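Input: a single structure, listed below in structure tokens.
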Amino acid sequence: MPHTLVTRLVRENRVGAGSEERELTVMFTDMADFSARCEDMSAKEVAAFINDHFAEIPRCIEAEGGTIDKYIGDAVMAFWGAPDTLENTAAPACRAALAIREAIRAGNRERKGRGEKPVRLRIGIHSGPALAGNIGAPGRVNYTLVGDTVNAAQRLEALGKELQPDAEVSTIASETLLAGAHERVPATPLGSVALRGRSEPLTVFRIAD
């Protein structure tokens, strides 16, 4: 568990507490073509590359009050709205996504100068209800989220492979997220899509300036 999250849970005497439903915003990020990129790298080089990548994204998320839930290979899951309650979880998530994009762009300019391949990233963001709390087996409990909102956010990230396969940074967001932001977010409508595992289609947008 991230140090900042553990500190908050201990401070609020919530270690070992149960779960509760919250209105949250969830973000997933994933690097495109990561396996192919690392094929010719040593394990040490892959670790250094991943550590450098993870130095950029969490900084943007935590600067906007987000919580890093977990790292999954080269992917990141983060959320807003737990354990601290936020009146608006969507706006800071959008700002974090825009900051991540700028960080990737800046990093790619440096990589280009070194003759390295650019990084391409996919981001998916969605808002809605989810169960937040201590989830897991008795011997290993993790403070995390479960629910359709989490699944939809992950599906939106994966959708970027189909909708923007060549984008430097693809940020796909739901209509629910943008409606809840209550501030101007540069977005282009992409229509209604059926996400795997969901019976109802979701109206989606591409966030970009």
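The values are calculated or read from the model by the stated rules, or taken from the named source; none is laboratory data. Because the structure is predicted, anything quoted here is derived from the model rather than measured. Positions of Cβ are backbone-derived with ideal geometry, glycine not excepted, and every protein chain shown enters the neighbour counts. Areas reflect the complete protein model, heavy atoms only, side chains present, ligands, DNA and RNA absent. Shrake-Rupley method; radii C 1.70, N 1.55, O 1.52, S 1.80 Å.
Okay, here's what the table says:
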| read-out | value |
| --- | --- |
| Value of D in µm² per second that Stokes-Einstein yields for the chain, Kirkwood Rh from Cα pairs, at 37 °C (0.692 mPa s) | 186 |
| Neighbour cut-off at most 12 other Cβ (10 Å), DSSP loop, trypsin sites (Lys or Arg not before Pro), the range 139-209 | ARG184, ARG196 |
| Axial C-alpha extent at least 20 Å, average Kyte-Doolittle at least -0.5 - helices from the chain (DSSP) | 43-63, 90-113, 148-163 |
| Net charge over other residues, Cβ less than 13 angstrom from the Cβ of ALA158 (K, R count +1; D, E count -1) | +2 |
| Quotient of Cα Rg and 2.2 N^0.38 Å for the range 94-209, N being how many residues it contains | 1.21 |
| Within the chain: Cβ-based charge dipole about Cα centre, in debye rounded to nearest 20 (Lys, Arg +1; Asp, Glu -1) | 300 |
| Accessible surface of THR85 - all protein chains present, 1.4 Å probe, nearest 10 Å² | 110 |
| Added length on full extension, which subtracts the Cα-Cα distance from 0.36 nm per residue, ARG59 to ASP166 | 36.0 nm |
| Largest to smallest principal axis extent of the C-alpha atoms in the range 146-209, angstrom | 30, 30, 21 |
| Accessible area expressed per residue, the range 74-209, with surrounding protein chains retained (probe 1.4 Å, Å²) | 47 |
| For the range 22-96, projected area of the alpha-carbon convex hull averaged over all directions, nm² | 5.2 |
| Fraction of beta bridges assigned by DSSP in the chain that are antiparallel (%, nearest 5) | 90 |
